[in-house]
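These notes concern the structure reproduced below.
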Amino acid sequence: MEWRSQTIYGALILQSLIAIVIEMPSAKPFSAAAGMLRSRLTSTLRQRGGDGPSRWTTPGHQERPNGYFLNRTPLPPGQSRKWEDWELPCYVTSFLTIVILGVGLNAKPDLTLETWAHQKAVERLEAQRILAASDDSD
């Protein structure tokens with residue numbers, strides 16, 4: 001009987017969802033608004049992409065990529081790159097975080113249900129073995 005009530009309940013939910021979908025307004029106003037917004041944005045982007053100064057850059061900065069990684073030109077031979085002031089603390093903190101997480105997650109106790117059940121089963125088997133050994137000796 002319980003499965004029948006669940007089936008009826010599911011059918012009622014499905015019926016109400018269908019009624020909601022049927023009563024929803026059409027998508028034409030939404031698509032019209034999306035088209036209008038798209039046309040305004042594309043025209044704005046076309047105007048800003050001209051040859052004039054950009055709102056996001058200042059004169060004298062390179063705007064196009066030059067083909068090097070992170071737009072940095074390579075240093076002359078024999079010269080090494082100088083670290084910035086944020087790099088050492090960032091690298092040290094990242095390394096220590098990885099070490100602490102690695103050690104901590106490997107050292108955490110195993111508290112899963114399967115481990116607990118296995119330990120209980122081993123204890124019961126041990127108790128049965130001891131009981132059987134004591135019965136044999138009597």
Spin-label model distance (nm) - ASP135 vs ILE100, 7 Å beyond Cα toward Cβ: 5.6
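Test of understanding: what is the full-extension gain from LYS108 to VAL92, defined as 0.36 nm times their sequence separation minus their Cα-Cα distance? Before the final figure, lay out each step's value.
Numbers: separation 16, 0.36 × 16 = 5.76 nm, distance 2.40 nm.
Here the segment from LYS108 to VAL92 would lengthen by 3.4 nm.
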Describe numerically, in nm with one decimal, the distance between label points set 7 Å from Cα along Cα→Cβ at SER31 and at TRP83. 5.8
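Throughout, read-outs are computed from the coordinates displayed, never taken from laboratory work. In this text the structure is predicted, and so the values were computed from the model without any measurement. All Cβ positions, even for glycine, are placed from backbone atoms using ideal geometry, and neighbour counts span all protein chains on display.
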